[in-house]
């Protein structure tokens, strides 16, 4: 039932001068997984994510994402994935509807499909009456929800989320994860980073990066057993504590 | 003696036709020597409140003072007596660590070498990098440099705007230890954070949402104010819990909390009904037990109530 992996990385490495940001990481992510990608600041998460999404070239090693090679087919990867960045990725000076149209255009949705998806999205977000408001005027939680909705406008089979819930209020933060779980339940794959360790528990599997390497990988249940910890926070503190900043 | 006082502070931002009510009548009485945490999500008004208290913006209504100095009238004096670490890294990226420290010392009219004692505890981590440009430091080091520069003139009150946002769990823990050390030296500290779990590290916290204070109290008193019995639920099928309980009229609230769900009920029979329903829907290994609420439980409760 697993099918071909959505992501398959082998000895993936990236150096910046003498500094090895990502050091021979190997792992697979399968269809329908919610994969948590944890690590301390500077552990190499963002660099690894940028390689996997076709934004920067690896120094060595291989990675296949949605069947495409990260060296030769990075443009195909960018077209196929969804990506939501750490900080707000919408245009604040455009209205909600203008943002949707802009991103729909970038991903090549035709007018009919675009208006249908926009309707669905605005209904689900309960933003129908605000469609002509500037994005700048929306509260942060709503913006983040809209950013996620826009990132999956073209229904990508794989979505990268880089700290999607930073600073979001606790109720919206939980709604947000319910959406992510819904999207995964539809057979899609989500690859997410977070600094909230309670959110790590919702992942089907996760990895913890320490100094450019993967120090632990598995389901929360497996990791609790293997490392003898109560929760992912304890695991994270144990693994990341030795590194310092 | 109260160090930070605010009375009915309000602030509205206007841009074209749209209005944002950033603060709606904030009152504060923070005694000298307290470690006070302002806890709330983005957009709650945290930065606006801090910027008024450090005299960078003017309130529309209300008054505030820090150490007896009015934030509007006495701003010149006030600025020499407080330290401020803004949310965005605001040091000079192309000056070295040492140059930044000396620059801030001279702005405040003090001698960096003579003042070294007041920052030694933090600056010692930066010594090995003193000739490195600030822009090339790691996130944790940048934060320590910003703190050193804010402390170089030995302020009596320190304001920090979200120093731990986007910072990993380990570095956050270390940073709070630094703040506790400063507090034990008698400094008044006003720190904002979106992380609810950090509230427990403060003497008192203000929970802020949509420009209003939901509560101001010690973390333990806030927890005691939670008026309901809180339960933690776990089963062998956690991903189904929310959907399977959605039809249960006795459930008042259900929020995911990592490995558990936190539940409250309308009636005393609620817990039994809920377990029965979950059994019917095929859950096993069901554990439902009464637990102490945390600040995040309280925040969500007061938020819904407001």
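The values are calculated or read from the model by the stated rules, or taken from the named source; none is laboratory data. Nothing here was measured: the structure is a model prediction, and the numbers come from that model. Cβ coordinates were reconstructed from backbone atoms using ideal geometry, including for glycine residues, and neighbour counts include every protein chain displayed.
Among the criteria (1) within 20 Å of residue A:19 (Cβ to Cβ); (2) assigned to a helix (DSSP H, G or I); (3) modelled with pLDDT of 90 or more, the one residue B:142 does not fulfil is (3). Looking across region B:116-133, the residues that are away from every other protein chain (no Cβ under 14 Å) and out of contact with any strand residue (DSSP E or B) (no Cβ under 7 Å at 6 or more places or on another chain) come down to B:116, B:117, B:118, B:119, B:120, B:121, B:123, B:127.
Restricting attention to region B:165-181, and to residues there that are surrounded by 16 or more Cβ atoms within 10 Å (Cβ to Cβ) and more than 12 Å from every other protein chain (Cβ to nearest Cβ), which single residue is nearest to residue A:235 (Cα to Cα)? Once the filter is applied, the top-ranked residue is B:176. Scanning region B:182-194 for residues that are away from chain A (no Cβ under 12 Å) and under 24 Å from residue A:140 (Cβ atoms) yields a total of 2.
Name every residue in region B:274-306 that is closer than 15 Å to residue B:229 by Cβ and out of contact with any strand residue (DSSP E or B) (no Cβ under 8 Å at 6 or more places or on another chain), in order of residue number. The answer is B:294, and nothing else. Tell me, yes or no, whether region A:220-228 has at least one residue that is within 7 Å of chain B (Cβ to nearest Cβ), under 22 Å from residue B:195 (Cβ atoms) and not in a loop (DSSP other than H, G, I, E, B). Scanning region A:220-228, I find no residue that is within 7 Å of chain B (Cβ to nearest Cβ), under 22 Å from residue B:195 (Cβ atoms) and not in a loop (DSSP other than H, G, I, E, B), so the answer is no. Of all residues in region B:107-129, those satisfying the criterion of being touching a helix residue (DSSP H, G or I) at 6+ places or on another chain (Cβ under 9 Å), farther than 20 Å from residue B:156 by Cα and in a helix (DSSP H, G or I) are B:127, B:129. Within the set A:109, A:127, A:161, the sole residue that is more than 14 Å from every other protein chain (Cβ to nearest Cβ) and farther than 21 Å from residue B:43 by Cβ turns out to be A:109. The set of residues in region B:195-210 being within 14 Å of chain A (Cβ to nearest Cβ) and out of contact with any helix residue (DSSP H, G or I) (no Cβ under 8 Å at 6 or more places or on another chain) consists of B:210 alone. Keeping to region B:40-87, report how many residues are within 14 Å of another protein chain (Cβ to nearest Cβ) and either over 15 Å from residue B:8 (Cβ atoms) or in contact with a helix residue (DSSP H, G or I) (Cβ under 9 Å, 6 or more places away or on another chain) (or both). Of the residues in region B:40-87, 8 are within 14 Å of another protein chain (Cβ to nearest Cβ) and either over 15 Å from residue B:8 (Cβ atoms) or in contact with a helix residue (DSSP H, G or I) (Cβ under 9 Å, 6 or more places away or on another chain) (or both).
The set of residues from region B:16-39 being within 11 Å of chain A (Cβ to nearest Cβ) and farther than 28 Å from residue A:173 by Cα comprises B:16, B:17. Looking only at residues of region A:80-91 that are closer than 22 Å to residue A:65 by Cα and surrounded by fewer than 17 Cβ atoms within 10 Å (Cβ to Cβ), we find that the one that is modelled with the highest pLDDT is A:85.
Annotation for region A:96-103: no member residue is within 20 Å of residue A:180 (Cα to Cα), assigned by TED's automatic domain parsing to the domain that holds residue A:24 and touching a residue at least 40 places away in the same chain (Cβ under 8 Å). Filter region A:3-23 down to the residues that are more than 20 Å from the chain's Cα centre (by Cα) and more than 15 Å from residue A:52 (Cβ to Cβ) and list them by number. Across region A:3-23, the qualifying residues are A:3, A:15, A:16, A:17, A:18, A:19, A:20, A:23.
None of A:148, A:191, A:236 is in contact (Cβ under 8 Å) with a residue 60 or more places away in the chain and in the same structural domain as residue A:99 (by TED's automatic domain parsing) except A:148. The numbered conditions (1) out of contact with any helix residue (DSSP H, G or I) (no Cβ under 7 Å at 6 or more places or on another chain); (2) more than 12 Å from chain B (Cβ to nearest Cβ); (3) on the phi < 0 side of the Ramachandran plot are all true for residue A:239 except (2). For region B:147-169, the count of residues that are without any contact (Cβ under 8 Å) to a residue 24 or more places away in the chain, over 28 Å from residue B:7 (Cβ atoms) and touching a helix residue (DSSP H, G or I) at 6+ places or on another chain (Cβ under 7 Å) is nonzero.
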